Every structure is written in structure tokens, then in C-alpha cells.
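Please read the structure below before turning to the comments.
What follows draws every value from the coordinates through simple rules; no lab data is involved. All figures in this text were calculated on a predicted structure; none of them were measured in a lab. Counting neighbours? That spans all protein chains shown, and the Cβs are built from the backbone with ideal geometry, glycine included.
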2 protein chains.
Amino acid sequence: MPQCDQHTLMVRVCMVIEQHLIRMKGHNALNTIETHRFSNGLRLLVEPKKNVKSCGLHWVFPSGACMDHHDQVGASVMLGEMLVRGAGSMDSRSMSDAMDRCGMRRSTDVGVFHLSASATMLGASLQDGIGLLSTMVLDPHLSGEAVDPVRSLCLQSLDSLRDEPQHEVMLRLRARHRHAPFNRNGYGERSAIESMERSHVHDAWRRGIVPDGSMIGLCGDVDTSKIVQLLEDRFGSWSGSTSFPSEAQDERGGVEHVHRDTAQVHIAIAWDAPAAAHSDAVLERVASRVFGGSSSGRLFTEVRQKQSLCYSVGGSYRVGPDRGEIVVYAGTTPERAQQTLDTCLAEYHRMSDGITEEEFGRARTGLESGLVFSGESTSARATALVSDQFLLGHPRSLDEVRAEIAAVTLEEVNAYLSRRSRQEPTILTMGPAALNID
Amino acid sequence: MPQCDQHTLMVRVCMVIEQHLIRMKGHNALNTIETHRFSNGLRLLVEPKKNVKSCGLHWVFPSGACMDHHDQVGASVMLGEMLVRGAGSMDSRSMSDAMDRCGMRRSTDVGVFHLSASATMLGASLQDGIGLLSTMVLDPHLSGEAVDPVRSLCLQSLDSLRDEPQHEVMLRLRARHRHAPFNRNGYGERSAIESMERSHVHDAWRRGIVPDGSMIGLCGDVDTSKIVQLLEDRFGSWSGSTSFPSEAQDERGGVEHVHRDTAQVHIAIAWDAPAAAHSDAVLERVASRVFGGSSSGRLFTEVRQKQSLCYSVGGSYRVGPDRGEIVVYAGTTPERAQQTLDTCLAEYHRMSDGITEEEFGRARTGLESGLVFSGESTSARATALVSDQFLLGHPRSLDEVRAEIAAVTLEEVNAYLSRRSRQEPTILTMGPAALNID
């Protein structure tokens, strides 16, 4: 047996351990994204996370409101409701019970592009949970008996909008600002829902619940290879693809007042902004934080804090695959409404003069902190993976997004703001009296 | 130099490492809570968390709506607004900018018992963030010039309630169901706000922003000893205490219809339930999940899924230090309102027959999963630490709460439900026509 220098050995052991720990830590910090594309076209996007027990899931299908036939707008909404009313060998109740036994917190939603199912559960229940969700979407009963109850709920949901003017004004803004059919919402149209038949909902399912164009995002306590295997087994014969419609060349934009006997005047404004994949998008993210950020943006400071024009005001940047938009909401008294609108418009125009070094620094810090916060939420990350894949064609790690933000300079933001075209905004007001708009 | 057996040495080294890793992991899983009580009475409750970079903060002061003088109801609300308008050497704008530079996401809120400041920031910015918040609450300008703008915002906030009937009906339910002054809300009273003077707000600050009765909850990337030191330095001369008022012996409960020309009828119902520290509280948590749980509770199943009476219905259990309550909300069409109300009441009464083994198991699984999800959110945990301290006199680790839930038996829940008194609920309806109530 060779003689050995204990000290040297210990030093080497320590080095090995240290490297190992650094790798572990690095792996954890990086949260590498694993992607898989199944032969039927379904995409799986996974960000495994150590040190958490939950797993966030976000599963989208190309079956959003824009996919409805123009005389069946609301089929996707009714489909979303009908999916949870029994599938495979389970009736509505036993499906819900089985999901409860997995400890699943879940919801379905109909957006413009996608119908989505979101869930948070323990990683230990993930396989069972995905199994149940698969049955729900691939083998739903969509029974004729469910049509009338679901129709009734969807009509009531539409009715309830009348009692939520802040929400309604934003939907009406979208309807006017975007080209059809991307100006629709997750409520459908009354006349179409009233006459919807089971076959229309079934058609929506057949056309839209297809693997090619569907994406599953997972983040948290998840073993990717097991999930790939599970889905391979489940999706043996699932096939099909679809494509989104193109924009209609209809008139859009302009100004509209909706008369309502509300206590407040609800003001909604939209401007076009860069699409998600445009190189200006990250510049607009910084700029719109300066403009509309909660508790310190220019709108908040000027309209609320300095002029006390309204309790609630804010602006945000929403990105889509082909277009983006900046939207502003303000709710105020009838007497203050004109000044509120004028101030919001003036603040938007003032942005073209650029932002200061200090504003730039604070906005960037805010975006970077926000990244860390959302990175700690498995459900937020699952949603972001899918959203990136849809909008950019690939998911981004937090480090990539961080690097993108860190690379932005004040000069770039201000150059962008000065070349941003002086476009006419779309304006929607709702309340007892119309406003003057030049 | 002694001869050495490399193998034996390596084995020992590995054992040491393994034990170390197990300890690390154990520490991480336990998330032990560190508490500190300062000599001035302030309590600090900290749950350090490895593997996160954020820190959630929840700081409460005994300065909620119940503390307002009966003819100055709204002083606390105005105080909450005025705190963010300058403190120490900072004016409103520079305070906001400094918080932005910390990447702080923050908000203030006025509840029944407490005025609270909540924030999420990076652990690396925590000391700066706490420094700024301390200045904000200990040395606010509360300038006379700010009174009129703040009054205006608070009145607008009150006005905006008229356009949110779902929210308004719940506040009116509370006003009727609870004894004064615990039946107040975070909006104040119009006449009091209209005549509020700077001295009233200053009094509210002097009386309520006191250390004894204040609590700071922190969870995430935090070094407790550093924070204790920081606060010791900051709070040199901060002193004072207060106590909450006692319940008035006023009439409460009953039935009320508020006429409104809304599209829907908004129905709100409340029953008394166990206080937080009562041994029945955990039994009610299980039971109320079966009763009102979203997407599978009895209310949801019966009212929405089976009878299609309304799109939106749910029930929840709210705990207070001396009382708890079960509250139900349903929004429906005028034609369906009577049946909706009747069904909600019938489902509550049916609970006294007990729940099934299956319902019990699913509810417990749901509560346990929910614990894991909230345990992964630093802001949710910071809030829970403070809430436990206030309601129970001590913070609970997730493991303690889990053990409490795991110890509950079906027999206990059903025994509780059968002895739950058949009390008259408080009922508030808002809409175009009143309902029949037996």
C-alpha cells in the first residue's frame, strides 16, 4: 500500500466537493430548460426546479376566440366550459373529484389565440394530474345535455359584464383597436351563444384541440423523461394541426363613447406598439414601465399623485405575435374626466422627448427584480415558457431575459421613443356623458 | 508520517459530507421561524429560506379602521395615503424613487385591525428597503398641503365602489353582520372624510403607528441578526402602545335589500363561525372547503354546475381574533335570484348532516397542497407569520399547520357540524328587486 499524504488528499477531496457544489448551485441557478417535440407536433417545455415540491402546468391549444367561425363566436368559450363536464369513463363530478384527490388547483381560460388549462399541484401528483387533464381534453363527453346549462352560464357571464364597467371598457377597447378576429374576448357573442348547437362546440373541439400548435409548459418538481414517456403513451393516436387566421383588413381604431349610468367615467386608451419578436420590444418594456408603472410611473405620478384626478390609473404594454399595444385605464368622476383624458394623452406624447438616466435606471431595476420574483413562482414560469414559445418561437431562461434587459442602453430607449410614430390612439369612454376629443 | 488507509479515510470524509448535506436539507425543509421582541414591544417574525433571492415583508400597525374615532371614520385610510407622500428628508417623489431603486414592489392597505405595508424585494436590498419603510412610517411629513388631494382621492375611491357592486355588497354585508367598530372597511365614511383635518390624520398616526402591537414578518433571503441590529439602530426612541376597542353591543345581522339598477342581483350571506384560536377552527377549515371550495365545493357543484343558477358563486371561512364568519357570494339574474338564495341557504343547512369520507379526504388533500403552494411564496409566508402572531399569539411553521390538519378526523368534523348552531344568517341583496326571505 502506498504511503499517502493525508493533507494533500483532503485538499483534493475538498476541491472535488467544492466543484460539485458549485455545479449543483449553478444548475439550480440556471434552471436549464428542457424541450421536447413529439411526432404529432405537441411541444413540451420544462424548467425543472430543485428545492420546490410544487409543479406549475400551463397547457394551451390553438382553440382561442379567434378560431371561432364568424357566426359562432363563443363556441370556444362554451367548449372551455364543456370540457370539465365529463370525459373518458368519468362524469363531471367524478372528474372533479379525481382532480381534487391530486390536490390540483386548476382553471381553464379562453384567450384570443388559445384555450388553456392551468394547474398547480405537487410534483408527486404530476403524472396523475397530467393523465386526468389528457383525458379531459382528448376524450371529453361534450354531451348534448350539457349544452343548455353551459349556454345559460355563458350568457350569465356576459350579463355580469354590465356590472363590471372597468372590465367591460377594456374589452370594448380591444374590440375597436384590433383587427378582426383578434379583437375578440373570452365571453363570446350573445346571438351566437343563444343559437349554439352541440355540433358547433364539437367542431371547435375537433379543429382546435390538436397537438400541432399545442404546448405544455411545466416548471418545478418534474422529471422530464418520465413526462415524455407518459405523454407518448397517452397520445398514441392524437394528431392534427391548424393555423391561425389572418387579420381582416377592416377599419379599426377611432373614438367611441358608450353611455352608461355609472358613477364614474371609465376611460380606456390604446396605441400600437412593437410585436413580441421585434427588437424594439425590450425598449418598449423599459419605456412603458416609466410611463405606466404602478406606484411610480409618470401616469400614476401626474394623474393621481399630483393632480388627484383619479384613484385608479395605470398603463401597460401587451405583446402579441404580430402586434403589441400600450393600453391605459383610468376611472374618474364626470367632472374630472376631460382633464384626466387630456393628461393621459399628454403624458404619452411627452414620452417622445425621452426618459431620464434616473428613470431608466429605476425601470431596469424594477424589471430585473420582477424577473426574480416571477422566477420563484412555478406557475408563473410555466406560463412564461409557453408564452415565449408562442411569441418568439423558443422559451427563454430567466438569465436570457435578464441579459436582454441588461444590454439595453438609455440611448437606445430614447432613440426608439423619438422615432415612435405619432399615431392616433383608440379611445373608449363609458359613463354618463361623452368627452371632447380633438 | 503515519501510513494511511486511503479507502477508510474517503469513507469517513463521505460520511461527514453526507451528514452535512442532510443537515442542510433538513434545515431547508424545516424553515425554522426566528422571532425577536424589541424592548419597545415591536415583534419581528422571520422565516429564512434558502434557495430564493427574494424577501417578502409584511409590516402591520395597530392603526386599522376599527381604531378611528367614531366621527373620524376614514382617518386611517387617509393616513395610509399620506404616509407615501414624503418622509424624513424625502419628498413624495424622491421617496418613491428611492424605493424603486431598491426594486421594491410595495403597497399599503387599511384593514379592520391593522394598517399594513407590504413589499417584495431582493434579499440584497432588504436593509435599504426596511430603512426606507421605517422612515416612511416613523417620520412622515403628513403635510397640510397633502390633505385636500388625499381627501379627493379617498372620496373618489368611495365613489368607485358604486361601479363595483360585487365588492360593495360584501362590504355592506360586513357592516351589517359584525359588531361596531369591527364592521368597518378600508374606504372610510363620506361625511367624515369630507370634514377630515390634518390634525385628525396626525392623531391617527400618533395613536396607531406605535411599536407595541406592531409586527414585521419576513420570509426569504434574510439574515435575522442583521435585521435585528438595523431595527435596534433605527427605533431608538420609538415607543408607545395601544389597544383595540371592545365590541359595541349594537344590533347586528338581519336582512337588507339595497335597490340598484344593476344587471345582476348580487347576493351576500354571512354566518358566525369559530374564532382563529378556537379548537373548532381547523374543523371549520375542512368543512368550509367542502361547502364553498372553488371548482368543486358543494355550492359550486349544486348552484353552478347542476342548476346553472349563476356563473359566479363561492364561499369562504374568514377568521378573526374573537370571531370568525362564513361568507357566501353569488351573482345571478333577477329571475334566478330567489332560487339561488334558497339553494345557498339549503346547502349550508345540509352541512349539518355531515360530510362523506371522500369529501373529507379531498378537502384535506386540497388544504395540504395549498400549504405547499403558499410555502413557496415568500410574500404569502411573510403575511402568514404576522397573521398567526396576531390571531394565535405565535407564528406557525408550515409543518405545524400540516400536522394540525393531518390530525383532524372525519368524526370530529361531523361532530362539529352537527353541533353547529342553527343560526340565522345575515343576508344582503343588491339589485333591481328584493327577494323573499322566510
*Charges only on Cβ, +1 for Lys and Arg, -1 for Asp and Glu: so what's the dipole of chain B about the Cα centre, in debye to the nearest 20?*
680
*Of the residues A:P140, A:P149, A:P211, which exhibits the maximal mean-square fluctuation in a Gaussian network model of chain A defined by a 10 Å Cα contact cut-off?*
A:P149
_Inter-centroid distance (Cα atoms) of the range B:264-291 relative to the range B:173-224, Å_ = 25
_Descending principal axes extents, the range B:354-438, alpha-carbon based, whole Å_ = 46, 33, 24
_Assume the label is 7 Å from Cα along Cα to beta carbon: what separations in nm does B:H202 have to the matching positions in the other copies?_
7.6
*Excluding B:G254 itself, calculate the net charge of residues whose Cβ lies under 11 Å from the Cβ of B:G254, where each Lys or Arg counts +1 and each Asp or Glu counts -1.*
-1
*Considering the options B:Q229, B:G254, A:G254, tell which one lies farthest towards the positive end of the dipole of the protein assembly as shown, charges being +1 on Lys and Arg and -1 on Asp and Glu at the Cβ, about the Cα centre.*
B:Q229
*Please identify the trypsin sites (Lys or Arg not before Pro) of the range B:32-118 that satisfy two criteria: DSSP loop assignment and at most 15 other Cβ atoms within 10 Å. Which are they?*
B:K50
*DSSP H helices in chain A with Cα extent of 18 Å or more along the helix axis and mean Kyte-Doolittle hydropathy at least -0.5?*
A:6-30, A:144-160, A:357-375, A:378-392
*Would you mind computing, in nm to one decimal, how far apart the modelled labels at B:R37 and B:D71 are, each placed 7 Å from Cα along Cα→Cβ?*
3.8
*Mind listing which trypsin sites (Lys or Arg not before Pro) in the range A:389-438 are in a DSSP loop and have 13 or fewer other Cβ atoms within 10 Å?*
A:R422
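How would chain A be classified by its alpha-carbon gyration tensor: rounded, prolate or oblate, with rounded meaning a/c under 1.5 and the a/b versus b/c comparison settling the rest?
Details: a/c = 2.24, a/b = 1.17, b/c = 1.91.
Note, shape of chain A comes out oblate.
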_Amide H of B:A273 versus every other amide H placed in the peptide plane: which residues, excluding those fewer than 5 positions away on the same chain, fall under 5 Å?_
B:G324, B:E325, B:I326
*Please work out the C-alpha center-to-center distance from the range B:310-376 to the range A:320-381 and express it in whole Å.*
37
*If you place +1 on the Cβ of every Lys and Arg and -1 on the Cβ of every Asp and Glu, how big does the dipole about the Cα centre of the range B:255-431 come out, in debye to the nearest 20?*
280
*Might you report the magnitude of the Cβ-based charge dipole of the protein assembly as shown about its Cα centre, with Lys and Arg at +1 and Asp and Glu at -1, to the nearest 20 debye?*
1160
_Cα gyration tensor shape for the protein assembly as shown, rounded if a/c is under 1.5, else prolate or oblate_ = rounded
*Please name which of A:F360, A:A277, A:V413 has its Cα lying farthest along the dipole of the range A:255-431 towards the positive end, using unit charges on Cβ (Lys, Arg +1; Asp, Glu -1) and the Cα centre as origin.*
A:F360
*With springs connecting C-alpha atoms under 10 Å apart, model chain B as a Gaussian network and identify which of B:N185, B:N414, B:N51 has the largest mean-square fluctuation.*
B:N51
_Defining the label point at 7 Å along Cα→Cβ, can you sort the distances from B:K306 to the same site in each other copy, shortest first, in nm?_
5.9
_Inter-chain Cβ neighbour average for residues A:300-312, partner chain, 10 Å_ = 4
*Roughly what % antiparallel, to the nearest 5, for the DSSP beta bridges in the range B:34-234?*
80
*Please identify the GluC sites (Glu not before Pro) of the range B:205-276 that satisfy two criteria: DSSP loop assignment and at most 15 other Cβ atoms within 10 Å. Which are they?*
B:E251
*How much mean residue ellipticity at 222 nm does chain B get from its helices, if each DSSP H run of length 4 or more adds -39500 (n - 2.57) and you divide by all residues, to the nearest 500 deg cm²/dmol?*
-14000 deg cm²/dmol
*Return the whole-Å distance between the Cα centroid of the range B:40-93 and the Cα centroid of the range B:148-164.*
21
*Between chain A and chain B, with a rotation axis joining them, whose C-beta in A is nearest that axis, and what is the whole-Å distance?*
A:N51, 2
*Nearest-5 percent of antiparallel DSSP beta bridges in the range A:255-431?*
80
_Defining the label point at 7 Å along Cα→Cβ, can you sort the distances from B:S279 to the same site in each other copy, shortest first, in nm?_
7.1
*Quick one: of B:K49/B:K226; A:K49/A:K226; A:K49/B:K226; A:K53/B:K53; A:K306/B:K53, which pairs are farther than 27 Å apart, Cα to Cα?*
A:K49/B:K226; A:K306/B:K53
_For the protein assembly as shown, share of DSSP beta bridges that run antiparallel, in % to the nearest 5_ = 80
